[in-house]
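I have placed the structure first, in the form of structure tokens, so that the comments after it can refer back to it.
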Amino acid sequence: MTRRILVTAALPYANGSIHLGHLVEYIYTDIWVRYLKMRGHDAIYICADDTHGTPIEISARKQGIRPEELIERMHAEHERDFADFQIEFDFFGSTHCDENRRWAERIFLAARDDGHIERREIEQNYCPKDELFLPDRFLRGTCPKCAATDQYGDVCEVCGSTYQSSELLEPHCALCGTVPERRKSEHLFFRLSDFGDFLKQWTSAQGHLQPKIANSVQGWIEDGLRDWDITRDGPYFGFPIPGEENKYFYVWLDAPIGYISNTERWCAQNGRDVADYWERPGTEIYHIIGKDIVYFHVLFWPAMLQAAGLNLPDAVQAHGFLRIGGTKMSKSRGTFINARTFLDQMDPQALRYYYASKLDNGADDLDLSFTDFVNRVNAELVNKISNLASRSISFLNKRLDSRLGKIDPAAAEMISEAEAAMERIAEHYEQRNVAAAIEIVNQLAERGNVYLQNAEPWKLIKDDPEAARNVCTAAVNLSKIITVALKPALPKFAADIERILGIDPLTWNDARADLVDREINEFQHLVDRIEQKQIDAMVEASKVEQQPVEQFDYEVPQIADEIAYDDFLKLDLRVAQVIKATMVEGADKLIRLQISLGPLGERTVFAGMRKAVDDPAVLDGRKVICVANLAPRKMRFGLSEGMVLASTDGKDGNLNFLWADQSAQPGEKVS
């Protein structure tokens, strides 16, 4: 049965370039939608640039252009980068359009008329230096829940808590560092608390959320839903609120509405009715998002839709963050990599394949290890999958007049099992467990290569050319089945195979061995091997020198207030191996340590240990004990990403490194 399906990915903010972290979501969603289309479903992939808010206005001001010019420029860049990574949206639009304004007003007025909007006087953070009210993301401070430093004004990235900006401890303007003033202003609030029973039922219904996400959301609901401030004072780049003076919709209100408005824009181009997607029954709606925006998508968004009488999503699926080498992407280490920087060095198919091989339907973080990336792409995509097609097709081209024969009877069982495996692959794709599907593809390719190697058509051809032809015909048909399974993840690879074999675009129903007694075209190169020099060039091109942020001298910590035993247990002590130790120019006490935590990646730590060694080079290769979960600290010499432990000699108070067991492995836990 053909299903009508609407799939969205979160909207990229029009204030910066697309990077590898973004691409996790857009490639993942693209793979799933391509699979749905191959199955014959009426599926569309809708996305748009998220264009409103103070950050857009400030960026435009710094560049001396209007906000509209900035978002147009970024839209063109985003479209180009997505297209070059073979991400095929059915419509990629913008939230800055008349359709989005109309839908935002419609949803707001429906909620207001039904009594879900309340007017309140509030105090806000105002930066007297920049002369503007600070949006939550332009306010930084200490989380009121877990005391993590350098957190946003509305959500903590460490513990995941949400809070009002007035609750943030030690707040400061993220633009200039000024401590904000508190000024009163009248705002409109969406009464999320009115939807408690509805949200508890909707978020707990099977299939709407992943189990772990659902459990977290139930905890948020039980803690009490907070009404949502949907107003921002001007100047603000966004939509004015009907009937209000100098008040604008908060960007988070009109951003998800972009899913609806850009569906309408696609419908206008394709002779469809937007009401079939968002007002009438019959359409499945899926949102695929990062886990950092779950709160907005599973509480605020369903409540807004419910208030306006619109269709609710069938599922909201969250994925984890991208980590590189076990740590967050870092500009100083060159691991904060933009899409274009990757494209300058490598084939986008390599990244599509790697993400496909790692992405399941959970919300765990995805770790991009460059070593694993090179090994997996070369060993699987190049040496197994591409190699099977290359060896068999090239042999037919060179030795057997580019003509297929019959399928070798000895390969019948292999072919039959491959055709049967497509059902399992389809089940994995359906559940959005792409990694499990790719694993089966690799098993099929490996078996095909073993078959080809054992059959030895290059020897058979001497005495029985037709037998050699039939062996290659079997291998080509297996490659065709594998290509069908791989096509959602690697559409260009599939298109190249289709062209070489001289066949129509493959659908899921084409996963069968039916290519016999026919001509094929000349083989063309399919995928490139990844070389380490390409990785090195990409990392080097991505490095941004860390600029001094704060001016203060480093002091060895003194005994402070009492802590509870449970606080001590929070310390994650690990063995760290010093890769390189150097003096810090301009500092009396500091040594810069480049350390390895094994599977947790590399970090930079500044240690006040200069007097402990005459030559820092003697530390190279030594193993120390590091506090691995210490929040990064901005210093005038750079960012310190941990702390190494030291002790005194008990006589004159000189510090000495606390050495780890030199036989221990980097990253090993210390008890």
As an exercise: evaluate residue 304 against (1) modelled with pLDDT of 95 or more; (2) under 18 Å from residue 96 (Cβ atoms) and give the number of the one condition it does not meet. (2)
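Anything in the range 268-283 that is surrounded by 18 or more Cβ atoms within 10 Å (Cβ to Cβ) and of a type outside the set (Val, Ile, Thr)? List them, or say none. First the steps, then the outcome.
Going residue by residue through the range 268-283, those that are surrounded by 18 or more Cβ atoms within 10 Å (Cβ to Cβ) are 274, 277-278, 283.
Those that are surrounded by 18 or more Cβ atoms within 10 Å (Cβ to Cβ) and of a type outside the set (Val, Ile, Thr): 277, 278.
Condition test on residue 195, is it crowded, with 19+ Cβ neighbours inside 10 Å and in contact with a His (Cβ under 9 Å, 6 or more places away or on another chain)?
Numbers: crowded, with 19+ Cβ neighbours inside 10 Å: yes; in contact with a His (Cβ under 9 Å, 6 or more places away or on another chain): yes.
Yes.
Hey, among 541, 576, 587, which residue is open to solvent by less than 50 Å² (accessible area, probe 1.4 Å), under 20 Å from residue 371 (Cα atoms) and either out of contact with any strand residue (DSSP E or B) (no Cβ under 6 Å at 6 or more places or on another chain) or at pLDDT 85 or above (or both)? Before you say what the answer is, go through the steps one by one.
Values: 541 fails: open to solvent by less than 50 Å² (accessible area, probe 1.4 Å); 587 fails: under 20 Å from residue 371 (Cα atoms).
Unique residue meeting the criteria: 576.
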Regarding the range 652-671, can at least one residue be identified that is in a loop (DSSP other than H, G, I, E, B), modelled with pLDDT of 80 or more and more than 23 Å from residue 330 (Cβ to Cβ)? no
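For the range 350-365, does any single residue satisfy the condition of being open to solvent by 50 Å² or more (accessible area, probe 1.4 Å) and over 20 Å from residue 20 (Cβ atoms)?
To start, the set of residues in the range 350-365 that are open to solvent by 50 Å² or more (accessible area, probe 1.4 Å) comprises 358, 360-361, 364-365.
Adding the requirement that they be over 20 Å from residue 20 (Cβ atoms) leaves 361.
Checked against the condition, which is being open to solvent by 50 Å² or more (accessible area, probe 1.4 Å) and over 20 Å from residue 20 (Cβ atoms), the range 350-365 yields at least one hit.
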Kindly state which strands (runs of 3 or more DSSP E) lie completely within the range 213-314 and contain at least 3 residues that are β-branched (Val, Ile, Thr). 283-290
Has the range 593-600 got any residue that is crowded, with 17+ Cβ neighbours inside 10 Å, in contact with an Asp or Glu (Cβ under 8 Å, 6 or more places away or on another chain), at pLDDT 85 or above and among the aliphatic types (A, V, I, L, M)? yes
Residues being closer than 11 Å to residue 225 by Cα and either of a type in the set (Val, Ile, Thr) or open to solvent by 20 Å² or more (accessible area, probe 1.4 Å) (or both): count how many of those fall in the range 173-192. 1
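Working carefully through the options 51, 95, find the one that is surrounded by 22 or more Cβ atoms within 10 Å (Cβ to Cβ), under 25 Å from residue 195 (Cβ atoms) and of a type in the set (Ser, Thr, Tyr).
Details: 51 fails: under 25 Å from residue 195 (Cβ atoms).
It is 95.
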Single condition residue 70 does not satisfy, out of (1) of a type in the set (A, V, I, L, M, F, W, C); (2) outside any helix (DSSP H, G or I); (3) open to solvent by less than 10 Å² (accessible area, probe 1.4 Å): (2)
Can you name every residue in the range 416-434 that is open to solvent by 10 Å² or more (accessible area, probe 1.4 Å), in contact (Cβ under 8 Å) with a residue 60 or more places away in the chain and in contact with a helix residue (DSSP H, G or I) (Cβ under 6 Å, 6 or more places away or on another chain)? 432
Could you list all residues from the range 263-281 that are touching a residue at least 24 places away in the same chain (Cβ under 8 Å) and acidic (Asp, Glu)? 264, 276, 279
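Restricting to the range 487-503, give me the number of residues that are within 18 Å of residue 438 (Cβ to Cβ), part of a helix (DSSP H, G or I) and touching a residue at least 40 places away in the same chain (Cβ under 8 Å). Talk me through it step by step, then tell me what you get.
Our first condition is that a residue be within 18 Å of residue 438 (Cβ to Cβ); within the range 487-503, this holds for 487-494, 497.
Subsequent filtering for residues that are part of a helix (DSSP H, G or I) retains 491-494, 497.
Filter once more, so that each one left must be touching a residue at least 40 places away in the same chain (Cβ under 8 Å): 491-493, 497.
The number of residues fulfilling the criteria is 4.
Looking at the range 13-24, which of its residues are open to solvent by less than 10 Å² (accessible area, probe 1.4 Å) and either within 16 Å of residue 350 (Cα to Cα) or more than 11 Å from the chain's Cα centre (by Cα) (or both)? Don't jump to the end; show me each part of the working.
So in the range 13-24, the residues open to solvent by less than 10 Å² (accessible area, probe 1.4 Å) come out as 14, 18, 20, 23-24.
Residues satisfying the conditions are 14, 20, 23, 24.
The values are calculated or read from the model by the stated rules, or taken from the named source; none is laboratory data. Since this is a predicted model, take the numbers as computed values, not measurements. In this analysis, Cβ positions are derived from the backbone assuming ideal geometry, glycine residues included, and neighbour counts consider all displayed protein chains. To get the accessible areas, we keep the full protein, side chains included, count just its heavy atoms, and leave off ligands, DNA and RNA. Shrake-Rupley method; radii C 1.70, N 1.55, O 1.52, S 1.80 Å.
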